[in-house]
Every structure is written in structure tokens, then in C-alpha cells.
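Worksheet: the structure to be examined is printed underneath.
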Amino acid sequence: MNTEQHRLGSGFGARSTTDDVLHGIDLSGKLAIVTGGHSGLGLETTRALAGAGARVVVPARRRAAAQEAVDGIDGVEVDDLDLADLGSVRSFAERFLASERDVDLLINNAGIMACPETRVGAGLEAQFATNHLGHYALANRLWPALARGGARVVSVSSNGHQLSGIRWDDVQFERGYDKWQAYGQAKTANALFAVQLDALGRDSGVRAFSLHPGVILTSLGRHVPREEMIAAGWIDENGNPMDPTIKTPAQGAATHVWAATSPHLAGRGGVYCEDCDIAERTTGDAVLTSGVRDWATDPEEAARLWALSAQLTGVDAFSTTT
């Protein structure tokens, strides 16, 4: 296990905002790619990074909608990318590499949550395919640009990872689908991806992190029925937030940009973060609590998932045989 998985005392917390954590940080000359950077936490991340001087590339499935959303933010460009389509991932990466630019920050933010059973590609479960495999393939396809830039790669996980580790006996839910178990597995995969990418990439100066942004009411919850949100205590019958821990988008995206830019993390990597700090480990039976489960930071699980991901996507930047 990563012995660095302990709080640093960063000076920030759950109510810190993107502007707070970027105060005094100059990103002029840096290039960031933010998947899903046109809505919710992604849009706030784009706004904050661009405001600190970065050039931000926002690849999106609905390019016209993305362009409309980021209009007025200087230093942002939009491109096409559907993470559920590995051909689309390859095409975006090829276009970007042809520009011969380096990547300083890759923030794997886009995702889906608790959707009805959906199959993409060759029968892949959609949450695992979109949230994990698409981002896995993207990072591997972009590896030359990441390595040249000595990039930080930020993988947006969730405390939802506590709902499920990797279901090695039925990763694709072929023996019965549960939308929350599928979401939990995908979020565990996001964390394990960061563990293994950091292990493989650190000698090239690439470091990777995962994080839980907190509870934020965004379009990510579009597949969750209103009645389910009320029963969970997220909102009242009038749609007003009820959970006192719910964050604003600027607070939710703060850990994104903290992990991507904080000098506190220099020389570190492979850790899971929350509330603008490294998270502590959590044990016991409670779920959706603070902290990270061992199954989401286990290097053997991470290596095993990387091998499966390489098999399913046909790409591995670190293999001499693919």
C-alpha cells in the first residue's frame, strides 16, 4: 500500500474553492486537457485553470454544446471526444499529437453515474467503459505528450468507490446489473488507474492522483430519479439541497485543481485525495464516508486492472508487445 496515503495539512478544506487553491499560482504557458470540461465540475475546472493562465483543451461528445458553454472563457478550445467509443478516443489523441504540443495537466473528469443498464462497444458495461476504459485509453494514447510535459494526471473518482471493488468474476455485469455497484466499480477503477499510471510514469516525470470531489448537485445525477434523491436525503420535495455537506461547483472542483497544481504534491503520486488534501484510509462497514478503501489503492489490484484494460482497449503505452 502507498505509505503516503495520509493527510498533509494542506491548509485547505471542504469549503475551499478553486480560486482559494489557485491563489498565487501562475499557469501561464501550461496546457491542460479537461474531459467534460464544459459542464458541472468540469466547467468550473476549465474556468479556474484558464483564469490562472493555462490553455485548456475541452474534448466533448457534444461539441456544439461544449463550445457554447465555454464561450467567453479566454484560452479554451473545444474538440470532439466520446469516451464510450474507443475509435473516437484514438481520433482525438491523433489530432492532438499532430499538433506537437506537450500536456502539463490531464484531468479525467467526465463520467456517468447510476445509468440504466447500457452496453457499448463489444458489450462493455457503460459506466466501466466510459468512466474508466475511455480515460485509460486516452492517457495511453496521449502518453508521448504527457511524458514530454512531465504531466500531472488527475482521475476523478468518488467516495462511491466504497460501494464496490473490482468484480473480477463479473466485471461487465453479465450475471445481473446493479447501477450503484457498477458505479462503485468504475470509481474504484478510476482510483486504481492513478495508482498504476503513477507507478509506470514517475520515472518520466508523470505523476497521477485520484480524488473524491464531494457531493455536488450537477447533471451527473441525471439518471437518479427525484424520489431516490429525496429518499437519500440529498434534496427535499421542492428540490432544495438537504445534505449539509453538499458543495458548490467551485468547492467541488477545488480538489481537481489542487491535485493538478498544488506544490504540496511535488514528488508525490498515486494517492487518493479529498477536500483539497490527501485522504486517510477508511475501514469498517460504513459506506459513502470519508477516506479511501484499501481495494482502491492496492498496487496488485491496480496492475491487474491495467492488464485487463490493455486487453479490452488494445492499447498500452508501456508494453513492448501492444
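The values are calculated or read from the model by the stated rules, or taken from the named source; none is laboratory data. Note that this is a predicted model, so its numbers are computed, not measured. Here Cβ is always computed from backbone atoms with ideal geometry, including for glycine, and neighbour counts include all displayed protein chains.
Which condition breaks for ASP102 when tested against (1) over 21 Å from ALA48 (Cα atoms); (2) assigned to a loop (DSSP other than H, G, I, E, B)?
So the condition that ASP102 fails would be (1).
Of the residues in segment 86-111, how many are surrounded by 21 or more Cβ atoms within 10 Å (Cβ to Cβ) and not polar (S, T, N, Q)? Explain how you work it out, then say what you get.
Within segment 86-111, the subset surrounded by 21 or more Cβ atoms within 10 Å (Cβ to Cβ) is 86, 89, 92-93, 96, 103-111.
This time we only want the ones that are not polar (S, T, N, Q), so: 86, 89, 92-93, 96, 103-107, 110-111.
Total satisfying the criteria: 12.
Going through segment 246-276 one residue at a time, which ones are more than 25 Å from VAL103 (Cβ to Cβ) and touching a Ser or Thr at 6+ places or on another chain (Cβ under 6 Å)?
Taking segment 246-276 first, the residues more than 25 Å from VAL103 (Cβ to Cβ) are 246-248, 251, 275.
Across segment 246-276, the qualifying residue is only GLN251.
Residue-by-condition table, conditions (1) among the aliphatic types (A, V, I, L, M); (2) more than 25 Å from SER10 (Cα to Cα); (3) surrounded by 15 or more Cβ atoms within 10 Å (Cβ to Cβ); (4) touching a helix residue (DSSP H, G or I) at 6+ places or on another chain (Cβ under 6 Å):
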residue	(1), (2), (3), (4)
VAL271	yes, no, yes, no
ASP275	no, no, yes, no
ASP285	no, yes, no, no
ARG304	no, yes, yes, no
THR313	no, yes, yes, yes
THR320	no, yes, no, no
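Residues that are at pLDDT below 95, surrounded by fewer than 22 Cβ atoms within 10 Å (Cβ to Cβ) and among the hydrophobic types (A, V, I, L, M, F, W, C): find the helices (runs of 4 or more DSSP H) completely inside segment 1-85 holding 2 or more of those.
On the way: elements: 18-22, 40-51, 63-70.
Filter on segment 1-85 gives an empty set.
When residues of segment 268-322 are filtered for being of a type in the set (Gly, Ala, Ser) and not in a loop (DSSP other than H, G, I, E, B), how many remain?
6
How many residues are part of a loop (DSSP other than H, G, I, E, B), over 19 Å from the mean Cα position of the chain (by Cα) and surrounded by 15 or more Cβ atoms within 10 Å (Cβ to Cβ) if we restrict to segment 142-176?
Counting residues in segment 142-176 that are part of a loop (DSSP other than H, G, I, E, B), over 19 Å from the mean Cα position of the chain (by Cα) and surrounded by 15 or more Cβ atoms within 10 Å (Cβ to Cβ) gives 4.
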